[in-house]
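Undergrad: For reference, the structure I am asking about is given below.
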Amino acid sequence: MIESELIWHNGEFVAWEDAKVHVLTHGLHYGTAVFEGIRCYDTERGPAIFRHLDHLARLERSAKLYYMELPYTVEQLRAATHELIARNGLASCYIRPIAYRGYGQMGLNPLDAPIDVSIAIWPWGAYLGEEGIRDGVRAKVSSWERINSRSLIPHAKASGQYLNSVLAKIESVKAGYDEAIVLDDRGFVCEGTGENIYIVRDGVILTPPETASILDGINRRSVITLARELGHEVLERDIARAELYIADEVLLSGTAAELVPVREVDDHTIGAGIPGPVTRELQGAFQDALYGRGRHPEWNDVVAVPERAKA
Ligand SMILES: Cc1ncc(COP(=O)(O)O)c(C=O)c1O
């Protein structure tokens, strides 16, 4: 059960149990909502939100792609999130802003439906488990292919699009795996259900390019930057399915999951079946970045506690 005390909703702080929507909310019926998944970490400088402005910029881009004009600026959403964290008294948490077409209009033309915005936060542990982060997860290539740009918008983080991830996730879990890897519409490796993917082959880190129907992950950008700073070669190129099986290392990155090694794909053992050296090195640098110990203090948005939230 996820829970905290207050939720920010359309400019007000409301009690967790009072944050409700009407059953005819447009977004509930047609998936017309855009959202973000963000994390706040308990750093030496205090609670700090990892790449907060990058996430809020992506929220704005997702909204634009669905013809939604957000009624709040990025700066307003940022300040609201800071205050919410302070008021809930959480040092580390998951943050879920969502902008959705609200109540008042049914039918497929959403343009006259209001746009409501909520931000919820709650303590949330490692999405694929602490064990997954430590020992690696088992993944299955899904029979569901990732949405593509002829039908939906891979660049957008929009609610309705996640039915695709939900189907792939259900399939993998029912088959006894931890996670699914989806291929794009050309049959190349795309990503996990909520994570970007990388393989290591002959010392080179490979990851599918932005044009391979991936979500342009914030952590993907961080991983690429950190890997290059550590002296690794990183290539953004299409990856064939079989390259997963013969890779020395496979890993996933995402806000909820963080940096997770993959130890098996479709029952093929990856490398020695334990997280490899490149994965371990990247995990170390990534953890440092999340907690503001690395070379990028600008990635940590330290929560500024507003006076009125201190009382
Ligand atoms: C489909 C999908 N791909 C990739 C990611 C990773 O993105 P990020 O690193 O911004 O969390 C996510 C998570 O938001 C996702 O939902």
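Undergrad: Please specify each residue of region 219-233 satisfying the condition of being assigned to a helix (DSSP H, G or I) and either more than 16 Å from the ligand (Cβ to nearest atom) or modelled with pLDDT under 95 (or both). Spell out how you get there, then give the answer.
TA: Taking region 219-233 first, the residues assigned to a helix (DSSP H, G or I) are 219-229.
Arg228, Glu229, listed by residue number.
Undergrad: Right, here's the next one. Only one of Gly132, Gly187, Gly176, Gly192 is touching a residue at least 40 places away in the same chain (Cβ under 8 Å) and over 20 Å from Leu282 (Cα atoms). Can you tell me which? Step through it out loud before you land on a result.
TA: Values: Gly132 fails: over 20 Å from Leu282 (Cα atoms); Gly176 fails: touching a residue at least 40 places away in the same chain (Cβ under 8 Å); Gly192 fails: over 20 Å from Leu282 (Cα atoms).
Answer to the check: Gly187.
Undergrad: Let me ask something else. Would you be able to say whether some residue in region 159-168 is over 19 Å from Ser143 (Cα atoms) and not aliphatic (A, V, I, L, M)? Working first, answer last.
TA: Within region 159-168, the subset over 19 Å from Ser143 (Cα atoms) is 159-160.
From what is left, the residues that are not aliphatic (A, V, I, L, M) are 159-160.
Looking through region 159-168, at least one residue is over 19 Å from Ser143 (Cα atoms) and not aliphatic (A, V, I, L, M).
Undergrad: One residue is enough: does region 269-290 have a residue meeting the conditions within 15 Å of the ligand (Cβ to nearest atom) and part of a loop (DSSP other than H, G, I, E, B)?
TA: Checking region 269-290: not a single residue is within 15 Å of the ligand (Cβ to nearest atom) and part of a loop (DSSP other than H, G, I, E, B).
Undergrad: Same structure, new question: Within region 186-202, which residues are of a type in the set (Asp, Glu) and more than 16 Å from the ligand (Cβ to nearest atom)? Write out each step before concluding.
TA: Going residue by residue through region 186-202, those that are of a type in the set (Asp, Glu) are 191, 195, 202.
Asp202, the sole residue that qualifies.
Undergrad: Need the failing condition index for Ser165 against (1) open to solvent by less than 20 Å² (accessible area, probe 1.4 Å); (2) away from the ligand (no atom under 12 Å from the Cβ); (3) of a type in the set (Gly, Ala, Ser), just the number.
TA: Condition (2) is where Ser165 drops out.
Undergrad: Can you list residue pairs whose Cβ atoms sit under 7 Å apart, with the first residue in region 270-292 being at positive phi and the second being outside any loop (DSSP other than H, G, I, E, B) and among the basic types (Lys, Arg)? Count only pairs 6 or more apart in sequence or on different chains.
TA: Note: pairs meeting the criteria are Gly273/Arg263.
Undergrad: Sticking with this structure for a sec: Is it the case that Thr32 is among the polar types (S, T, N, Q), surrounded by 20 or more Cβ atoms within 10 Å (Cβ to Cβ) and in contact with a helix residue (DSSP H, G or I) (Cβ under 6 Å, 6 or more places away or on another chain)? Walk me through how you get there before you give the answer.
TA: Working: among the polar types (S, T, N, Q): yes; surrounded by 20 or more Cβ atoms within 10 Å (Cβ to Cβ): yes; in contact with a helix residue (DSSP H, G or I) (Cβ under 6 Å, 6 or more places away or on another chain): yes.
Yes.
Let's see how each residue does on (1) assigned to a helix (DSSP H, G or I); (2) of a type outside the set (Val, Ile, Thr):
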position	(1), (2)
Ala99	no, yes
Ile121	no, no
Leu128	no, yes
Arg150	no, yes
Ala156	no, yes
Gln161	yes, yes
Val166	yes, no
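Undergrad: In addition: Which residues, counting only those in region 234-260, are part of a strand (DSSP E or B) and more than 16 Å from the ligand (Cβ to nearest atom)? So that I can check it myself, show each step before the final result.
TA: Taking region 234-260 as the starting set, the residues that turn out to be part of a strand (DSSP E or B) are 234-236, 249-254, 258-260.
Listed by number, the residues that qualify are Leu235, Glu249.
Undergrad: Same structure again: Just a yes or no: is a residue in region 63-81 open to solvent by less than 60 Å² (accessible area, probe 1.4 Å), within 16 Å of the ligand (Cβ to nearest atom), among the small types (Gly, Ala, Ser) and modelled with pLDDT of 95 or more?
TA: The answer is yes; a qualifying residue exists.
Undergrad: Please specify each residue of region 57-90 satisfying the condition of being closer than 16 Å to Leu6 by Cβ and assigned to a helix (DSSP H, G or I).
TA: Leu77, Ala79, Ala80, Thr81, His82, Glu83, Leu84, Ile85, Ala86, Arg87, Asn88
Undergrad: Is it fair to say Ser62 is under 17 Å from the mean Cα position of the chain (by Cα) and among the small types (Gly, Ala, Ser)? Break it down stepwise before answering.
TA: On the way: under 17 Å from the mean Cα position of the chain (by Cα): yes; among the small types (Gly, Ala, Ser): yes.
In short, yes.
Undergrad: A further question follows. Here are the criteria: (1) surrounded by fewer than 17 Cβ atoms within 10 Å (Cβ to Cβ); (2) small (Gly, Ala, Ser); (3) closer than 30 Å to Pro97 by Cα; (4) over 20 Å from the mean Cα position of the chain (by Cα). Tell me which single one Gly294 does not satisfy.
TA: (1)
Undergrad: Within region 203-218, restricting attention to residues that are more than 12 Å from the ligand (Cβ to nearest atom) and not hydroxyl-bearing (Ser, Thr, Tyr), which residue is surrounded by the most Cβ atoms within 10 Å (Cβ to Cβ)? Walk me through it before giving the result.
TA: Here is the first cut: in region 203-218, the ones more than 12 Å from the ligand (Cβ to nearest atom) are 203-206, 209, 211.
Going one step further and asking which of them are not hydroxyl-bearing (Ser, Thr, Tyr), we end up with 203-206, 209.
Details: Gly203: 10, Val204: 14, Ile205: 23, Leu206: 20, Pro209: 13.
Looking at the filtered set, the residue picked out is Ile205.
Undergrad: Could you list, in sequence order, all residues of region 130-148 that are open to solvent by less than 20 Å² (accessible area, probe 1.4 Å), away from the ligand (no atom under 14 Å from the Cβ) and assigned to a loop (DSSP other than H, G, I, E, B)?
TA: If the condition is that a residue be open to solvent by less than 20 Å² (accessible area, probe 1.4 Å), away from the ligand (no atom under 14 Å from the Cβ) and assigned to a loop (DSSP other than H, G, I, E, B), then Gly136 is the only one that fits.
Undergrad: Next up: Quick check: is even one residue across region 104-117 part of a strand (DSSP E or B), among the acidic types (Asp, Glu), away from the ligand (no atom under 16 Å from the Cβ) and within 29 Å of Ser151 (Cα to Cα)? Even if it seems obvious, please write down each step before you answer.
TA: Pass one, region 104-117, residues part of a strand (DSSP E or B): 115-117.
Applying the additional criterion that residues be among the acidic types (Asp, Glu) yields 116.
With the extra rule that they be away from the ligand (no atom under 16 Å from the Cβ), the set shrinks to 116.
Filter once more, keeping what is within 29 Å of Ser151 (Cα to Cα): 116.
Yes: region 104-117 contains one or more residues that are part of a strand (DSSP E or B), among the acidic types (Asp, Glu), away from the ligand (no atom under 16 Å from the Cβ) and within 29 Å of Ser151 (Cα to Cα).
The values are calculated or read from the model by the stated rules, or taken from the named source; none is laboratory data. Just so we're clear, the structure is a prediction, and the values are computed from it rather than from any experiment. Here the Cβ is made from the backbone with ideal geometry for all residues, glycine too, and neighbour counts use every protein chain on show. Accessible surface is based on the protein model in full, side chains and every heavy atom, while ligands, DNA and RNA are left aside. Shrake-Rupley method; radii C 1.70, N 1.55, O 1.52, S 1.80 Å.
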